[in-house]
4 protein chains.
Amino acid sequence: ATTAEIDKQLSDDLIESLIDASLGARQNSYSPYSKFPVGAALLAHDGTVITGCNVENVSYGLTVCAERTAVCRAVVKGHRKFKAIVITAEMGDRFVGPCGVCRQTLAEFGLDWEVYLSMPNKQYMKTTVGRLLPDSFSPEWVTLGNPA
Amino acid sequence: ATTAEIDKQLSDDLIESLIDASLGARQNSYSPYSKFPVGAALLAHDGTVITGCNVENVSYGLTVCAERTAVCRAVVKGHRKFKAIVITAEMGDRFVGPCGVCRQTLAEFGLDWEVYLSMPNKQYMKTTVGRLLPDSFSPEWVTLGNPA
Amino acid sequence: ATTAEIDKQLSDDLIESLIDASLGARQNSYSPYSKFPVGAALLAHDGTVITGCNVENVSYGLTVCAERTAVCRAVVKGHRKFKAIVITAEMGDRFVGPCGVCRQTLAEFGLDWEVYLSMPNKQYMKTTVGRLLPDSFSPEWVTLGNPA
Amino acid sequence: ATTAEIDKQLSDDLIESLIDASLGARQNSYSPYSKFPVGAALLAHDGTVITGCNVENVSYGLTVCAERTAVCRAVVKGHRKFKAIVITAEMGDRFVGPCGVCRQTLAEFGLDWEVYLSMPNKQYMKTTVGRLLPDSFSPEWVTLGNPA
Ligand SMILES: [Zn+2]
Ligand SMILES: [Zn+2]
Ligand SMILES: [Zn+2]
Ligand SMILES: [Zn+2]
């Protein structure tokens with residue numbers, strides 16, 4: 001493995017601590033309508049961990065997922081470069097992929113970073129933002145086609 | 001090719017007429033903020049064509065893309081099974097993939113149907129809902145994991 | 001009453017036909033998650049009636065309400081000036097006000113038009129877009145403060 | 001004034017410190033598309049201050065306003081009762097009211113708390129969540145009308 005690859009690889013300990021962090025945030029999930037709590041933990045480029053949980057609304061269309069809550073919290077704190085996000089939910093023995101809104105939100109900050117879908121039992125599968133949103137509509141395009 | 005495949009294959013004439021329909025709807029785009037008009041044409045299972053254009057809002061977060069406008073129009077008219085959607089936008093010589101919100105909206109009605117990204121010059125590339133949203137979070141999961 | 005006022009006043013017959021139209025659209029509501037079907041009927045300036053119903057998504061945050069569905073359909077057909085919208089839902093003996101997303105969507109097309117909240121039994125209460133969104137953030141402001 | 005009223009009244013110093021906090025968060029606004037940075041500061045029931053800024057997306061419909069960013073951050077930290085929110089933006093000499101999405105998001109946590117619209121020069125006007133969303137569609141209704 002090259003140095004670059006090693007650098008991108010998260011250690012098992014780090015992944016586990018991110019899963020723990022996402023589970024902690026999941027405790028504060030506000031999901032009285034779906035009754036489906038989700039937690040997330042975002043790893044910023046500088047090593048900071050920022051968590052999120054879903055925040056629902058009586059008008060369903062206003063629901064903010066855990067991933068977006070984490071991204072918003074990170075941006076408020078000045079972070080815009082990320083290494084990885086861990087998303088934890090419980091749905092039988094399935095890994096729950098992020099919804100399209102969240103994929104696009106993550107893609108706003110680059111396609112080449114890692115996404116870990118995990119379960120409360122700490123099993124996980126690893127993918128990337130780019131793989132979750134192939135042929136994505138990305139920020140640089142707008143500059144290209146719509147200079148205003 | 002098997003019969004099933006032939007059945008799924010749209011003829012060149014049909015694709016062109018869908019591109020034309022999407023271009024027609026794009027004329028009615030309400031996009032004073034992005035100045036980026038998009039048109040869509042949805043082909044329902046029974047052959048009906050339903051078009052859409054983007055509808056923006058001064059509060060950016062309320063924008064509804066052309067794809068979702070088309071889906072909403074279709075649902076109001078009782079359609080919930082689709083064969084294909086054509087999305088037409090102009091961004092240099094690039095095909096513009098649908099945003100994550102739209103991918104998830106299309107996926108609500110199945111993963112196994114076709115998406116054509118096209119340009120005003122009628123060039124197009126073909127993909128599917130499932131390929132645009134790998135490892136998707138889909139409706140049947142909810143019944144599975146969250147029977148409430 | 002002045003001519004202008006008379007012109008703005010909808011006749012009882014027209015209101016009832018709009019309620020009927022909203023009830024018809026409500027039949028096509030796609031609301032498997034909330035199980036709360038809503039219908040809407042929009043009266044365009046030229047007398048055209050355009051209906052809508054809510055279109056939900058497994059990812060709650062993508063839900064499009066009936067009011068917005070109607071507005072999107074109208075815009076695709078070239079309508080941008082409206083006289084009134086009727087919104088019909090059933091929640092005991094209460095009138096259900098539109099959610100904030102819908103209020104803002106209606107306000108995109110002016111504050112000075114009528115909103116009728118109605119029930120399947122055809123009772124209704126009348127208000128206006130402006131009254132539902134006081135001190136609104138409106139399109140002309142953006143031109144003012146953000147000329148780009 | 002009764003004790004209850006006194007308790008609800010924020011001191012000038014507290015309001016100014018909340019405006020300062022919102023201005024600080026506004027510095028981190030991610031608004032490359034609208035170029036319209038907004039900051040918010042939420043005062044939780046226990047006196048904690050939680051800030052927010054707007055976080056935009058190349059797909060406009062995914063934009064999260066400053067008010068919602070603040071609410072999401074608060075919920076992740078376990079806060080669900082609020083006394084006030086300050087929202088700061090700059091648009092000539094106008095106070096910028098929150099968009100409908102934000103009004104509905106605030107209303108999820110009660111109608112009877114204060115909203116201060118402010119400017120970088122620290123002028124402000126005071127209103128309440130309830131006044132910004134009259135005849136609101138509120139959480140308790142759902143339990144009432146839709147027990148599922
Ligand atoms: Zn999501
Ligand atoms: Zn879209
Ligand atoms: Zn609504
Ligand atoms: Zn807002």
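Before moving on, here are some points about what is shown:
- Helix-only [θ]222 nm of chain B, DSSP H runs n ≥ 4, -39500 (n - 2.57) each, per residue, nearest 500: -9500 deg cm²/dmol
- Partner shielding of B:110-118 amounts to 0, given as the average count of beta-carbon atoms from other chains within 10 Å of each residue beta-carbon.
- Nearest-first distances (nm) between copies at C:Ser17, label 7 Å from Cα via Cβ: 3.3, 6.2, 6.9
- A:Arg131 paired with D:Gln27, simple spin-label distance in nm, labels 7 Å along Cα-to-beta-carbon: 3.9
- Beta-bridge orientation, the protein assembly as shown: approximately 70 percent antiparallel, per DSSP, counting only bridges with both partners inside.
- Charge dipole (segment B:3-145, unit charges on Cβ, about Cα centre) - positive-most of B:Leu43, B:Val129, B:Gly100: B:Gly100
- Extension gain (nm, one decimal) between A:Asp20 and A:His45, 0.36 nm per residue minus Cα-Cα: 7.1 nm
- Local electrostatic count at A:Val55 - Lys and Arg +1, Asp and Glu -1, tallied over other residues with Cβ under 13 Å: +3
- Dipole magnitude of the protein assembly as shown, debye to nearest 20 (Cβ charges: Lys/Arg +1, Asp/Glu -1, about Cα centre): 0
- Taking a sphere under 14 Å around the Cβ of A:Lys122 and counting the other residues whose Cβ falls inside, with K and R at +1 and D and E at -1, yields a net charge of -4.
- Ranked from shortest, the separations from the 7 Å Cα-to-Cβ label point of D:Arg94 to its equivalents in the other copies are 3.2, 3.3, 4.6 nm.
- Cross-link reach list, lysines versus B:Lys83, counting only Cα pairs under 30 Å and skipping chain neighbours closer than eight places: B:Lys8, B:Lys35, B:Lys122, B:Lys126, C:Lys35, C:Lys77
- Calculated accessible area for chain B comes out at 39 Å² per residue, all protein chains present (probe 1.4 Å; ligands, DNA, RNA ignored).
- The rotation axis bringing chain D onto chain B passes closest to the chain D residue reported with its distance as D:Tyr60, 2, by C-beta distance in whole Å.
- Comparing Cα centroids, segment A:48-105 and segment D:49-98 end up 17 angstrom apart.
- Restricting attention to chain D, close to 70% of DSSP beta bridges with both partner residues there are antiparallel.
- Cβ-derived FRET efficiency at R0 25 Å, C:Lys81 paired with B:Met91, nearest 0.05: 0.25
The values are calculated or read from the model by the stated rules, or taken from the named source; none is laboratory data. Remember, predicted model here, so these are calculated numbers, not experimental data. With ideal geometry, Cβ positions are generated from the backbone for all residues, glycine too; neighbour counts draw on all protein chains shown. Surface areas here come from the heavy atoms of the whole protein model, side chains and all, with no ligands, DNA or RNA. Shrake-Rupley method; radii C 1.70, N 1.55, O 1.52, S 1.80 Å.
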